[in-house]
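Accompanying notes for the structure given below.
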Amino acid sequence: MKLNRRNFLFGSAAATVLSGCASGNVPLRAREKGEKLNVALIGYGMQMWTALLPQFVGAKKGWGSEKTCFHLPDLCRVTMVCDCDKVRAKTGANHVDMEYKKNSVEQPPCRHTTDFREVLADPTIDLVCIATPDHWHTYIAVEAMKSGKDVYCEKPLTYNVDESRKIIEAQKKYGRIFQCGSMQRSWDVFRTAAMVVRNGFIGDVLYVDANYGIAGKKLGGPSHPLRFFEDPEKAAEESKPNPNLDWDMWLGPSKYRPYSNRLAPADYKNAKMPGVHCWYPMFWRFDDEIGLGYNGDWGAHHLDIAQWGLDMDKSGPYRIIPSTEPHSTNLYHGGRRQYGMKMLFKKPYGDVELYHGPFGVWGTVFYGTKGVVAVNRGKIAVWEGAAVKPSPEVRKTIDKLGQLEGCVLKAGYTGADYGTAASVKKDEGLEGAIAAIKRIYSLDTAPVQLYKSKNQVLNFVECAISRKPTISPAEVGARGAVLCQLCNMSYVYDTGFDWDPVKMEFANGTGRGIPLKRDYCRNGWEVVV
């Protein structure tokens, strides 16, 4: 389908979809028995070509530390790649063909386009995988659901609270299968940690640490004030025109600013993948108009695990307490504090205090009345003992223990020093630690059983076939994103406030002057459910 202005203004068979006002009354595509689902990839950057595509085409059998084997080409096929950079879009399609050929999978040539609306208007597309910058996630995801597509969307799922409300509403209204890319929920190590917590083996959780961001350095926790260029001294180089990119489309609903190749990388000499950058572009992640800083990057992972362990997938905190750490003096931070804010969650037994700390050995730590659970990628630890309130000294001790060979497991500790941790044998590693914890606490038969997914992408595709809910549907992803947004708002506005976790709005007259949505969406890119 060739798109032009006349198509948009005067209509075609797909004009309703292309205008961004899809009806949503689109039934599932009728497929022959055993016919594969057709997948379109939207946003062909580093995350898509190194992490997501390999799973869809069967080049990677698992993710991170997971050893799960699966073969998605038996269930689906990638038939289209979309990116508003025409070189990247074409390169992505060629890459898809190359990967299928390498894996001896016969498929028709992959198509490509620079306009996601062409993807949504295509009745042959069943699934879309969205890995654009954060400011585009919700609009494309909602329009895709209206257009009859099931959606896999990268985290953080939404850019602001208004989008979080709307994406939840959209999945309920249109009944599509939805998966947020918070893939740690499909990792056995995080599920094991959450199972120990949810089954009460460390008692009532009183405190939680979510650790991400590098305090005092260029990349802290919150987003940064809008800047045109990452390095002002290289402005001429960064702003060199890129004729292959639709810059207006890349900006989408965000405010206009000059082109920057640090926001939208143009890596056409990349030996690994010509036309596609081979580095994670952090500049847009830390831009107030585009992302949420490390709050939306790593926070979307570790806050999500905190949310899971606290059984808060349908709720959230009721109060935000501002940080008392020093304001940053880094030129790029706009004077914003970088860590130290807190959230209060209400549980039947009392409050739970969540603390945002900088990167450490552990990503998420749960402190209960009977012990502590600490978890991160590649390691997990459980300590049993009396309640302990996290302090700088306690956190340092836990980090020190986490640096031992393999992953640590200790039953019992004395006071704040935790005694000496017992290390799992080196050759047993993470799998040995997980197996030991499951055995000690009989997790396979524990009263509370959590959703078990082998892999986030596989789970999405299998649920698209079975029509069963995924492990991270829209509400889970959106509420996790709200945690990221509340963190960011506290740092950006240097304040605390009360929060209504059900309505997802400020409470008790607090939060005045803090927006929960954009003041306007450029070019009419307003999310409409």
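The values are calculated or read from the model by the stated rules, or taken from the named source; none is laboratory data. Fair warning: this is a prediction, and the values are worked out from it, not measured in the lab. All Cβ positions, glycine included, derive from the backbone under ideal geometry; neighbour counts span all protein chains shown. Areas reflect the complete protein model, heavy atoms only, side chains present, ligands, DNA and RNA absent. Shrake-Rupley method; radii C 1.70, N 1.55, O 1.52, S 1.80 Å.
What to note about this one:
- Boolean, G363 is in contact with a strand residue (DSSP E or B) (Cβ under 6 Å, 6 or more places away or on another chain), of a type outside the set (K, R) and at pLDDT 95 or above: yes
- Residues being open to solvent by 10 Å² or more (accessible area, probe 1.4 Å) and among the aromatic types (F, W, Y) - total across the stretch 353-403: 2
- So E143, is it charged (D, E, K, R), open to solvent by less than 10 Å² (accessible area, probe 1.4 Å) and in contact with a helix residue (DSSP H, G or I) (Cβ under 7 Å, 6 or more places away or on another chain): yes
- Top-ranked residue in the stretch 184-210 [being over 23 Å from M343 (Cβ atoms) and hydrophobic (A, V, I, L, M, F, W, C); ranked as farthest from the chain's Cα centre (by Cα)]: F201
- Looking only at residues of the stretch 86-126 that are under 19 Å from L52 (Cα atoms) and of a type in the set (D, E, K, R), we find that the one that is most open to solvent (accessible area, probe 1.4 Å) is K101.
- Flag if K438 is assigned to a helix (DSSP H, G or I), open to solvent by 10 Å² or more (accessible area, probe 1.4 Å) and at pLDDT below 95: yes
- The one condition from (1) out of contact with any Leu (no Cβ under 9 Å at 6 or more places or on another chain); (2) touching a residue at least 60 places away in the same chain (Cβ under 8 Å) that E154 does not meet is (1).
- Qualifying positions in the stretch 485-502 - open to solvent by 10 Å² or more (accessible area, probe 1.4 Å), hydrophobic (A, V, I, L, M, F, W, C) and part of a helix (DSSP H, G or I): M489, V492
- Pairs are defined by a Cβ separation below 9 Å, a sequence spacing of at least 6 or placement on different chains, a first member in the stretch 269-281 that is without any contact (Cβ under 8 Å) to a residue 40 or more places away in the chain, and a second member that is open to solvent by less than 10 Å² (accessible area, probe 1.4 Å); the pairs so defined are N270/V276; N270/H277.
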